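Following: one structure in structure tokens, then a few remarks.
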Amino acid sequence: MAPAMFCFIKQHHWENRKVIPFQTHGRWPGHTIEDIKQLCQGAMFQYERAIQFDSQGGNRLITKPEEIDDWITLLMSL
Ligand SMILES: Cc1cc2nc3c(=O)[nH]c(=O)nc-3n(C[C@H](O)[C@H](O)[C@H](O)COP(=O)(O)O)c2cc1C
């Protein structure tokens with residue numbers, strides 16, 4: 001994950017908090033979601049999501065925009 005995210009997570013307490021891990025990636029997601037879960041000790045994780053862009057460094061979405069819209073709608077209803 002980006003260093004800014006790493007620092008943010010390390011500077012806060014996550015026990016009993018709801019955390020929705022997500023990442024964007026360009027085809028090689030690696031282990032960012034798992035890293036978030038490891039760092040947010042004691043949190044409850046829900047609705048994790050990876051959003052894929054194309055692998056050319058462009059802004060073309062591979063993940064269907066409707067899927068992302070549905071996910072956001074779900075999160076807004078929590
Ligand atoms: C420094 C840097 C490292 C990246 N590393 C990866 C990577 O390991 N795997 C991958 O699939 N995409 C990687 N990407 C591509 C981006 O994650 C992807 O294009 C991006 O998430 C699209 O949304 P964003 O521009 O809002 O980040 C990297 C991009 C940058 C700038």
Rounded, prolate or oblate, given the Cα gyration tensor of the chain, with a/c below 1.5 counting as rounded?
oblate
Straight-line reach from LYS10: which lysines fall under 24 Å, measuring Cα to Cα and dropping same-chain residues less than 8 apart?
LYS18, LYS37
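So, with +1 on the Cβ of K and R and -1 on the Cβ of D and E, and no other charges, what is the size of the charge dipole of the chain about its Cα centre, to the nearest 20 debye? Working shown, then result.
Details: 8 positive and 9 negative charges, 40 e Å.
For the chain, the charge dipole is close to 200 debye.
Each reported figure results from applying straightforward, stated rules to the coordinates on display, with no laboratory input. This is a predicted model, so every value here is computed, not measured. Every residue, glycine as well, gets a Cβ built from its backbone with ideal geometry; the counts of neighbours run over all protein chains shown.
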